Amino acid sequence: MIQWKTKSGGQLLYSGHEQSIDCIRAITLDTFATGSVDANVNLWNVKKRKPLFELHKPHGDRWITALGTVYNSDLLVSGSYDDNLNIYKVTNKDITKVRSLQSFGIVNHINVFDNKILTVESQEHRLGRWVTSTKSKNLIVLYL
């Protein structure tokens, strides 16, 4: 992943995932999380080239298809296609799983607001038919 610095014309190369990054979410002004096809969630600081913490395969071998956060909070939610939404507490140095909720398909988007989680779940991944789930329906799910 490359961060382009438009004022100076430079760039910062972040290296930590072994495969492509599928989703990214800002947690604070200086901290963000990424989810990848390598099935890991990484926690980053914008000034460091290596991840602060790597959450190793929280959805098993299935890649991370969506992340959700509340900006300036300690909440992070990850989704995949393993029928689970994982909820984490984030600190400056690690990510701790708090609980899981059942999901109903391939999680393509997560939005967190007012202590609620809104997800878009479907039979296919949003970027193509890499994975399909015939038991799922295309849904918008609100977790209260």
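One residue stands out among those in segment 53-94 that are touching a Ser or Thr at 6+ places or on another chain (Cβ under 9 Å) and among the β-branched types (Val, Ile, Thr): the one that is nearest to Ser136 (Cα to Cα), which is Thr65.
Quick grid of which residues meet (1) buried (at least 19 other Cβ atoms within 10 Å of the Cβ); (2) out of contact with any Leu (no Cβ under 9 Å at 6 or more places or on another chain); (3) within 18 Å of Val90 (Cα to Cα):
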{"residue": "Thr6", "(1), (2), (3)": "no, yes, no"}
{"residue": "Leu13", "(1), (2), (3)": "no, yes, no"}
{"residue": "Ile27", "(1), (2), (3)": "yes, no, yes"}
{"residue": "Asp30", "(1), (2), (3)": "no, yes, yes"}
{"residue": "Ala33", "(1), (2), (3)": "yes, no, yes"}
{"residue": "Val41", "(1), (2), (3)": "yes, no, yes"}
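Within segment 58-105, if we keep just the residues that are of a type in the set (Lys, Arg) and exposed (fewer than 13 other Cβ atoms within 10 Å of the Cβ), the residue that is modelled with the highest pLDDT turns out to be Arg99.
Selection of segment 43-57 for residues being modelled with pLDDT of 90 or more and loosely packed, with under 12 Cβ neighbours inside 10 Å yields Lys50, His56. So which residues in segment 20-61 are under 23 Å from Leu101 (Cβ atoms) and in contact (Cβ under 8 Å) with a residue 60 or more places away in the chain, if there are any at all? Within segment 20-61, Asp22, Ile27, Ala33 qualify.
The values are calculated or read from the model by the stated rules, or taken from the named source; none is laboratory data. The model shown is predicted, which means the values in this text are computed figures rather than measured ones. Cβ sites come from the backbone with ideal geometry, for glycine too, and all protein chains shown count toward neighbours.
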